[in-house]
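Notes follow the structure.
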């Protein structure tokens, strides 16, 4: 049965737990081990290269049909406004990877924590590559050292929180204050006066505060607060990246980020990236020996679904939003059905979930192809979402088998591919709507704290 746009319910099924969480309306504003490997990153490292996705301003005729690529796009290939969008995506990804690492340390799960630390190193390398493309190798090396030190301080805080070491917590907080100041000085200097050091400090401080808050809440068993801080941390880091992009990019590129097409791309990148981060977290929470934190992270995932549906509604109207929401909610529900079935050894449930995913992929592809006047290929979209689902299922298979390195690699790829998909979808939507594309505000991802660094 189609779900109404307002007050919608997305069913998320975990082993022994049937959670029905009501989502909000509107577009989202959106044991002691070795130190993290990230601390050893001294400079920029290149990530695998691929062709950059079309920008929203790329010149295509109105009737052009484009395919959808799912290969991750290297930070080194991003230029112009795309570099700003990439910065936002990488900073938000850093936040969830850091939160995952801290939670693993708090719950004494060193194998998972080490895999999360390796993913953090990869993210730091990508951020450093991007900084290097803007400011050169020396700036990339300086940034990598400062950013890696910040990650090490978060690691130390989580270890102290696990051990209930008040002196260690105090030392870690003091180290993080110093790291905030060092990073703020770096960003303010690179901006050549467009970003004040005080504003940069406020932004980095809020990022750190939210990471500490989610770790504290998780350690205390307050999973609702932990999940809220987890999703809000992602959203704030994305918006912090936008503020930094406007200060660090060349003036022409920074101004271009404010255009409706680019605002649409940024908003879609945020929502689709957050979907991957939250669905991976929810699938992992549904796989453990207990599912005590599943309902809380499921509620955050439902809010993201509502945000995506709200965006579709703004672009294409309420009936389209209701249709999209029903399809997307079934998608999430099917992923959770497979996860729960796998966790309890229920082959029938797994097969049912996979059947529903196979039905979802062409259904969503046809919906989006129709909405964009066939400017994007339904077959290519179905293939892209099929790959997306297979990555997510492969990730949870690896997680349940305790192959945490593979799980993080697949989760990282699934997140990265959304950057490219968001670019190509937003481009097709821009061509379809033309002058009717919403300008500014939350409709195109420009609301919330997008214009504020460190708003508290």
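In plain terms, the chain from residue 401 to residue 177 could stretch by 76.8 nm, reckoned as 0.36 nm per residue minus the Cα-Cα distance. Computed over the alpha-carbon atoms, region 79-258 gives an Rg to Rh ratio of 0.98, Rh here being the Kirkwood radius from the mean inverse distance. Remark on region 133-191: Rg and Dmax equal 13.7, 42 Å (Cα only).
What the pair-distance distribution of region 259-439 shows, using all Cα-Cα distances binned every 5 Å from zero, is 1, 8, 16, 21, 21, 14, 9, 5, 2, 1, 0 percent.
Each value in this text was obtained by applying a stated rule to the coordinates, not by laboratory testing. Please read these numbers as outputs of a predicted model, since none were measured by experiment.
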